[in-house]
Each structure stands twice: as C-alpha cells, then as structure tokens.
1. Residue by residue through the stretch 22-28, which ³J(HN,Hα) values in whole Hz follow from phi under the Karplus form 6.51 cos²θ - 1.76 cosθ + 1.60 (θ = phi - 60°), with glycine and proline marked x?
2. Relative to the present Cα-Cα distance, how much length would full extension add between Q30 and I49 at 0.36 nm per residue of separation?
3. Once the piece of chain linking T40 and V14 is laid out straight, how much longer is it, given 0.36 nm per residue of separation minus the C-alpha distance between them?
Amino acid sequence: MGENKPKRKIHDSVFTNLFQDKKYLLQLYQALHPEDKDTTEEEIADVTIRHVLTEGDFNDFGFSVGNRLMVLVES
C-alpha cells in the first residue's frame with residue numbers, strides 16, 4: 001500500500017492561495033498579534049518576492065502591516 005501523503009504541489013497551492021486573500025491574512029496576523037485590534041485589510045501589503053532566484057513555484061510569502069514585516073517560509 002502506498003503512503004497517504006498529500007501531493008506537494010496541491011499542498012503548496014492551498015497554503016499560498018489561502019493567504020493571498022487579505023481576509024485570511026488579517027486573521028493570521030491577528031492570531032499572531034492579538035493586541036492589535038485596529039488593523040484592517042487595507043493596511044496589509046503583500047511584499048512577497050516571486051520567482052527571483054527560482055523559476056519554479058514556491059510557497060513562501062511575506063506581508064507588512066505598519067512597521068511590522070511578516071515572512072512565512074516552509075522549512
């Protein structure tokens with residue numbers, strides 16, 4: 001019997017697609033910074049650097065809120 005591992009490509013795309021939606025990105029930010037109740041979706045800026053060093057897809061992304069820079073990477 002084969003292992004029930006998720007296909008990496010599907011796993012990666014779910015991660016990145018979910019957090020491309022600012023609604024979910026705001027929820028993530030508020031989970032990491034519950035003290036910040038005033039931030040809105042409009043204050044979140046996508047700062048992800050895409051396809052600079054590689055030509056393939058990847059699931060790392062970054063965003064900023066005010067003076068905070070959040071970078072999420074898969075290890």
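FYI, it's all coordinate maths here, none of it is from the lab. Note that this is a predicted model, so its numbers are computed, not measured.
1. Per-residue couplings from phi come out as 4, 4, 6, 5, 5, 4, 4 Hz.
2. Separation in residues times 0.36 nm, less the Cα-Cα distance, equals 4.6 nm.
3. Fully extending the segment from T40 to V14 adds 7.0 nm.
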